[in-house]
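Data block below; observations after.
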Amino acid sequence: MLDTLNRAQAHGLAALPPVAADSLLALIAMCNADTRPEKIDVGVGVYRDAAGGTPIPRAVKAAEKLLWERQETKAYLGGRGDARFATLLRPFVLGRHADDGRIDQLQTPGGCGALRLGFQLAKLANPQAQVLLGDPTWPNHPPMAGGVGLALSNYPYYDRDNRRIRFDEMIAALRAGRPGDVALLHGCCHNPTGADLSDDQWAQVTQVVVEHGLLPFVDLAYQGLGRGLEQDAAGLHGLLDVCDEVLVAQSCDKNFGSYRDRVGALFIKTGSRETTATAMAHFLQMSREMWSMPPDHGGAVVRIVLDDPALRADWLVELDAMRARINQVRATIAAADPRLAFIGEQFGMFSMLPLSRAQVVALRDDHAIYMADSGRFNVVGMSDEALPRFIAAVVATLDA
Ligand code: PLP
C-alpha cells in the first residue's frame with residue numbers, strides 16, 4: 001500500500017516551525033500594496049537611474065546578443081564555472097597582485113555564493129574560529145557565516161546618531177580577536193552605512209589583522225560604485241601587500257547590473273601555490289555539494305564584455321556614469337540640510353538616516369516613503385523627479 005507510506009504528517013513536514021518574518025520582505029510587501037502613485041521605495045538594494053529604472057547596461061545587452069549568436073553548446077562547464085570570466089576579473093580585484101601565483105579563484109553564484117563558500121572553508125580549516133562582523137553589517141552576513149556553524153562576534157563599526165565610524169572601538173575589538181578568527185571587512189561602499197574606512201584606517205586595520213593573526217575576508221560587492229575601480233579595492237590591495245592568507249568574495253551583480261543572473265567569484269590567497277591548490281580542491285568539493293556548478297549566463301556575458309575592447313570601454317563609461325549619479329545625488333541631499341551633510345562624505349548606494357523607528361513609520365504613513373527601520377536607505381532608490389520630494393519629507397520628519 002504505497003499511498004499509506006506517504007501520509008501527511010509522516011515526515012515531519014507538517015510540523016516544520018514557522019520562519020520569522022523578514023523585515024525587508026515585509027517592507028517590500030507593504031510598499032507593493034501601497035496604492036499612492038507618488039510612493040518612493042528606498043528600501044530595495046538596486047541602482048536606479050534618473051528616470052527611476054534599473055537598466056541593463058548597454059555593454060551587457062550587446063554581450064548577451066553575442067552570446068546568443070556564438071554559443072554552440074550548453075554542455076557542463078564544471079565546478080569552477082567560466083574560468084576565463086574569473087581570470088579576467090583579476091586585474092580589477094587584485095590590482096598589482098594580479099600576477100601572484102598564490103592567488104586563485106572560481107566563479108560562484110553571486111557574491112553570496114562566494115561568501116558562503118569562503119565561510120565554509122574557514123570552518124573546515126579552523127572549526128574554533130569566530131567570525132568578527134561589524135555592527136552594523138549587511139543583514140545577510142550573520143546567517144551566512146553562522147549557517148556553516150562558525151561562532152559570530154561583533155566589532156563596533158558605525159555610530160548612526162553621531163554619523164561616524166567607531167574606529168577606536170573597532171580596532172580594540174579586532175585586537176581582542178583570537179589568531180585564526182575571520183575578520184569580515186567591506187571592501188568599499190559599506191552596506192548599510194555608506195561609511196568607508198579611510199586609507200589610513202585601512203592601514204591600521206591591516207596592521208591589526210597581521211599582528212593578531214586574523215584571516216581577512218573582504219566582501220567586494222560594489223567595486224567601481226564608490227570612488228573608482230582602483231580606489232575601491234585599495235584597502236584589499238594593502239591587505240594583499242602584507243598578508244599571506246586572504247579571502248575575497250566578489251560580485252559583478254551591481255557593477256554589471258546583473259543582479260538576477262548571480263555573477264560572482266571567490267578569490268583565495270595562501271602562503272604557497274600548493275596550499276592554494278588544496279584550498280581550491282576543497283572549494284570545488286564543497287560547491288559540488290551545494291550548487292554543483294555556478295549558473296553560466298551572467299559570467300559568460302561579463303567575460304564577453306571584458307574580452308572585447310569596445311564593450312569593455314563602454315561598460316567603464318556606464319560604470320562611471322552610475323558612480324557619478326550616486327555621488328551627485330549624495331551631494332544634492334547633503335546640500336539640502338546641515339543634518340544631512342554627512343551623506344556627501346559617504347560612498348555607495350546606502351546611508352543611514354538618524355531617524356527613530358517612529359520617524360521611519362511617519363515617512364511611510366505620511367509621505368509614502370519606504371525604508372528599513374534602521375534608517376538605511378538607497379541613495380539612488382528614486383528618480384530625479386522624486387528626489388526633491390524625498391528630501392523635503394526627510395527634512396520635515398527631522399524637524400517634527
Ligand atoms: N555583500 C554585500 C555587502 C551586499 O550588499 C550584497 C548584495 O546586496 C552582496 C554581498 C551579494 O551580492 P550578490 O547579489 O552578488 O549575491
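The values are calculated or read from the model by the stated rules, or taken from the named source; none is laboratory data. Note that the structure is a prediction, hence the values are computed from the model and not measured. Using ideal geometry, Cβ is built from the backbone for each residue, glycine included, and neighbour counts are taken over all protein chains shown.
So the values come out like this:
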{"read-out": "Members of segment 124-140 that are within 19 Å of the chain's Cα centre (by Cα) and either surrounded by 20 or more Cβ atoms within 10 Å (Cβ to Cβ) or of a type outside the set (D, E, K, R) (or both)", "value": "V131, L132, L133, G134, P136, T137, W138, P139, N140"}
{"read-out": "Only one of G95, G111, G118 that is surrounded by 15 or more Cβ atoms within 10 Å (Cβ to Cβ) and at positive phi", "value": "G95"}
{"read-out": "Residues of segment 71-123 satisfying the condition of being within 16 Å of the ligand (Cβ to nearest atom) and more than 17 Å from the chain's Cα centre (by Cα)", "value": "G81, D82, F85, A86, Q105, L106, Q120"}
{"read-out": "Candidate set from segment 250-259 (those that are within 9 Å of the ligand (Cβ to nearest atom) and farther than 11 Å from L89 by Cβ); member that is surrounded by the most Cβ atoms within 10 Å (Cβ to Cβ)", "value": "K254"}
{"read-out": "Cβ-Cβ under 9 Å pairs, at least 6 apart or on other chains, segment 117-142 side not assigned by TED's automatic domain parsing to the domain that holds W291, far side modelled with pLDDT of 95 or more and not in a helix (DSSP H, G or I)", "value": "none"}
{"read-out": "Residue list for segment 247-287, filter: charged (D, E, K, R) and either assigned to a strand (DSSP E or B) or free of Cβ contacts under 8 Å to residues at least 24 places away in the same chain (or both)", "value": "R260, K269, E274"}
{"read-out": "Output for segment 166-190, where each listed residue is assigned to a loop (DSSP other than H, G, I, E, B), in contact (Cβ under 8 Å) with a residue 12 or more places away in the chain and surrounded by fewer than 22 Cβ atoms within 10 Å (Cβ to Cβ)", "value": "R178, P179, G180"}
{"read-out": "For A331: the one exception among (1) touching a residue at least 60 places away in the same chain (Cβ under 8 Å); (2) under 26 Å from K254 (Cα atoms)", "value": "(1)"}
{"read-out": "Failed criterion for D307 (all others in (1) touching a residue at least 60 places away in the same chain (Cβ under 8 Å); (2) surrounded by 15 or more Cβ atoms within 10 Å (Cβ to Cβ) hold)", "value": "(2)"}
{"read-out": "Residue, surrounded by the fewest Cβ atoms within 10 Å (Cβ to Cβ), within segment 199-233, restricted to residues that are among the hydrophobic types (A, V, I, L, M, F, W, C) and more than 22 Å from T270 (Cβ to Cβ)", "value": "A203"}
{"read-out": "G45 assigned by TED's automatic domain parsing to the domain that holds R260, surrounded by 14 or more Cβ atoms within 10 Å (Cβ to Cβ) and either part of a loop (DSSP other than H, G, I, E, B) or not charged (D, E, K, R) (or both)", "value": "no"}
{"read-out": "Some residue of segment 141-154 being touching a Phe, Trp or Tyr at 6+ places or on another chain (Cβ under 9 Å) and within 13 Å of the ligand (Cβ to nearest atom)", "value": "yes"}
{"read-out": "Residue check for G271: crowded, with 19+ Cβ neighbours inside 10 Å, within 23 Å of L121 (Cβ to Cβ), out of contact with any Gly (no Cβ under 7 Å at 6 or more places or on another chain) and not charged (D, E, K, R)", "value": "no"}
{"read-out": "Close pairs from segment 204-224: first hydroxyl-bearing (S, T, Y), partner assigned to a helix (DSSP H, G or I) and within 16 Å of the ligand (Cβ to nearest atom), Cβ under 9 Å, at least 6 apart", "value": "T206/G235; Y222/D232"}
{"read-out": "Residue in segment 165-172 that is under 17 Å from P216 (Cα atoms), within 16 Å of the ligand (Cβ to nearest atom), in contact with a helix residue (DSSP H, G or I) (Cβ under 7 Å, 6 or more places away or on another chain) and not assigned by TED's automatic domain parsing to the domain that holds L355 present", "value": "no"}
{"read-out": "Tally, over segment 51-88, of residues that are of a type in the set (A, V, I, L, M, F, W, C) and touching a helix residue (DSSP H, G or I) at 6+ places or on another chain (Cβ under 7 Å)", "value": "8"}
{"read-out": "Looking only at segment 375-395, and only at residues there that are in contact with a helix residue (DSSP H, G or I) (Cβ under 8 Å, 6 or more places away or on another chain) and of a type in the set (G, A, S), the one that is surrounded by the most Cβ atoms within 10 Å (Cβ to Cβ)", "value": "G375"}
{"read-out": "Residue selected from segment 196-230 under the condition assigned to a loop (DSSP other than H, G, I, E, B) and more than 14 Å from the chain's Cα centre (by Cα), by the criterion nearest to the ligand (Cβ to nearest atom)", "value": "L197"}
